[in-house]
Each structure stands twice: as C-alpha cells, then as structure tokens.
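In what follows, a structure is listed as structure tokens, so that the remarks can point back to it.
The values are calculated or read from the model by the stated rules, or taken from the named source; none is laboratory data. Just so you know, these numbers come straight off a predicted model, no measurement behind them. Cβ sites come from the backbone with ideal geometry, for glycine too, and all protein chains shown count toward neighbours. These area figures cover heavy atoms from the full protein model, side chains too; ligands, DNA and RNA do not enter into them. Shrake-Rupley method; radii C 1.70, N 1.55, O 1.52, S 1.80 Å.
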Amino acid sequence: MLKKRRQFTRVDGLLLLLLTTGALYLAYRIKIGLNYRWNWAAIPQFLYRYDEQSGRWVANLLVQGLYTTIRLSFWSTGLATVIGVLTGLCRTSQSLFYRLLGRFYVEFNRNMPPLVLIIIFYYFVSDQVLPLLGFNNFFLYRFAATERFATVLFGPPVLFPAFVSAVISLALFEAAYIAEIVRAGVQSIEKGQWEAGHALGLSKWQQLRHVILPQALPRVLPPLAGQFVSVIKDSSIVSVISIQELTFQGLELMASTYLTFEIWITITLLYLVLTLSSSLLVRRLELRMARRAL
C-alpha cells in the first residue's frame, strides 16, 4: 500500500502566516504597550552555570527544576499506573464489594480538587506517616553512602519527605483517571472472548491475562498516553508545597529578576519538549504494536 504524500497546502501557508502575524503583534504590544525591555541574554545563565570549584558546567535553577519535574512525573506515572490498573480491574470485577471499592476510589478522587488533595497529603504524609514509619531517618542515614545515586533518582535527601508526599498525592489523583481508561478498555472487549477463554478451560485470571488484556492494551494506549502527558503538566501543582520543580523555580526567578516573559516562555518550551517527547514515544509504541498485530 502506497503512503499518501503530504503536501504543504495554501491553507497551511495561511495558518502559518496568521500565527506568525499574531506572535509578532503580541511581541509588539508587549514592547510598546507594557514598555517591556526584553533581555534574552540573561536566560542561559539560569539553565547552566560554570562552577569554578569543580571546573565544569553544572545545571542551574531551571534545569534543576526540569530534572525534578522529570523525577516527579516518572515516579508518579509508575505508581499511578499500578494503582489505576488494579482499580480498573476492581471496577470490572464480578464481586460487588470490589466494584463498590473501585467506584468509591474513582469518584472520590475525580471530584476532589487536586490542589486540596496535595495539601492534605503533604501535611498528613510528610508530617505524620513518614516520621512514624522512621522513613526520613532511614533515607537520610542508610542512603548516606549512596547519596549521589539517590539524589539522581529522588532529588536532595533533605527534601525527600516532601517529594514522596508529592509523588503519592499526584499518583492517587491520576490513578482515578487511569482506572476509568482501563475499565473502558476491558469492557470494550466482546463478551464472546470471555466465553471462548472459558470454553478452553482457562480460569478467570488466565482469561484476563491471556485473552482480554492483550486485546484491550492497544485500545487503551492512546488515552493512557494523554494521561501520562497530563501527569507532566499536573506536576506543576506541587509547587504550592515548595517542591522545587520547574514552575516553582520559574516563580522564584521571576520574583527576583522581573524577567517575566523570558522566563515563562523558556519554561513553556521546556514543558513542550517533555510532553512532545512523551507523545512521540507512545506513538512509536502504538505503531510497533499495530505492526505486530498485522
């Protein structure tokens, strides 16, 4: 089958012209209307700086914030996927108890503002649960020998309790949406597939693992990709509990330098790099799965 060649049409050219004109007009209004002085030359120093002690270039505030955003998104996505899949399977269970449990979890988290959830978990988990379990001391002293490795994975050890609170609260919130995606994917498989598995003598778990989930996965992958991108964007909310992620670092820099537009345009571009990379990665995964299905 021949692939249809994409062409740059007049409509594309018109849209590009309109977007360029809009961007130039916006820049003109900022320059004239707000009497704003652009200073892009100051931005690179907030990305990387030269450390005279070590004699090499090191990440500065914005790139450090970007690393924290990546860590938050990675751990939150992993935890949310596990909780979301389990909750989604509860929602499709034949047991009334599991269905009610899954529905309560989904409705509670979907109807709760994420900001409220994050603040509650921050004060409850980091101030009450983690100290009670001795988690803070364990991490600070047990991982002292591997501090550099732990810092790469979780950030500075002194900020670990706040980081864990942010990961848990983000994961619990996003898992409610992932659960609904999984439920919809499992329920979209025809009833005859379950019956065919039963006729082959498979148990309920074997039917789910070998028959239903392999067919449901390609269907849920596109909405799951959107949800994973949403985790990256929603991670900016945890700036309210002083997690030094990208938005938090931007707010701090803006307050001290007054380079409002330069900083926020840079942060926008960094977020776009993250989200577009994730979308492309999932798209490649979808194509690979589609080729295998042929």
Exercise. With no solvent and one point per C-alpha, what does the Debye sum give as log10 I(q)/I(0) for region 238-282 at q = 0.18, 0.24, 0.27 Å⁻¹?
Worked result: -0.59, -0.84, -0.93
For this session: For an R0 of 45 angstrom, estimate the FRET efficiency from the Cβ-Cβ distance between Tyr98 and Asn35 and round to the nearest 0.05.
Result: 0.15
Problem set entry | Shape call, region 220-294: gyration tensor on alpha carbons, a/c limit 1.5 | prolate
For this session: Considering the convex hull of the alpha carbon atoms of the chain, report its projected area averaged over all viewing directions, in nm², one decimal.
Result: 23.4 nm²
Seminar exercise, completed: Interchain or sequence-distant (5+) residues whose placed amide H lies within less than 5 Å of the amide H of Tyr48 are Asn60
For this session: Using Cα positions and a limit of under 12 Å, work out the aspartates and glutamates in reach of Lys233, with same-chain residues fewer than 8 apart set aside.
Result: Glu174, Glu245
Exercise. Expressed as an acute angle from 0 to 90° and rounded to the nearest 10, what is the orientation of the C-alpha long axis of helix 213-234 relative to the principal long axis of the chain?
Worked result: 30 degrees
Seminar exercise, completed: Taking Rh as the Kirkwood radius computed over alpha-carbon pairs of region 24-102 and applying Stokes-Einstein at 4 °C with viscosity 1.567 mPa s, one gets a diffusion coefficient in µm² s⁻¹ of 74 µm²/s
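Could you do me a favour and compute the accessible area per residue for the chain, 1.4 Å probe, result in Å²? Don't skip to the end; give the middle numbers.
Working: 19160 Å² over 294 residues.
So the chain comes to 65 Å² accessible per residue, rounded to a whole number.
Add +1 for every Lys or Arg and -1 for every Asp or Glu among the other residues with Cβ under 12 Å from the Cβ of Thr69, and state the total. Walk me through the numbers before you get to the answer.
On the way: positive: Arg71, Lys233; negative: Asp234, Glu245.
Summing Lys and Arg as +1 and Asp and Glu as -1 gives 0.
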For this session: Give me the angle, in degrees from 0 to 90, between the Cα long axis of helix 61-91 and the longest principal axis of the Cα atoms of the chain, rounded to the nearest 10.
Result: 10 degrees
Problem set entry | Separation of alpha-carbon centers, region 88-109 and region 213-238, rounded to whole Å | 20 Å
For this session: Compute the relative contact order of the chain as a whole-number percentage, counting only Cα pairs closer than 8 Å that sit 6 or more residues apart in sequence.
Result: 23 percent
Exercise. When the helices in the chain are scored as -39500 (n - 2.57) per DSSP H run of 4 or longer and the sum is shared across all residues, what 222 nm value do you end up with, to the nearest 500 deg cm²/dmol?
Worked result: -22500 deg cm²/dmol
Problem set entry | Portion, in percent, of the accessible area of the chain that falls on carbon or sulfur, probe 1.4 Å | 65 percent
Problem set entry | Among 215-225, 237-247, 200-210, the order from most to least packed when residues are scored by Cβ within 10 Å on average | 237-247, 215-225, 200-210
For this session: Could you order peptides 160-169, 261-270, 226-235 by the average number of other Cβ atoms within 10 Å of their residues, highest first?
Result: 160-169, 226-235, 261-270
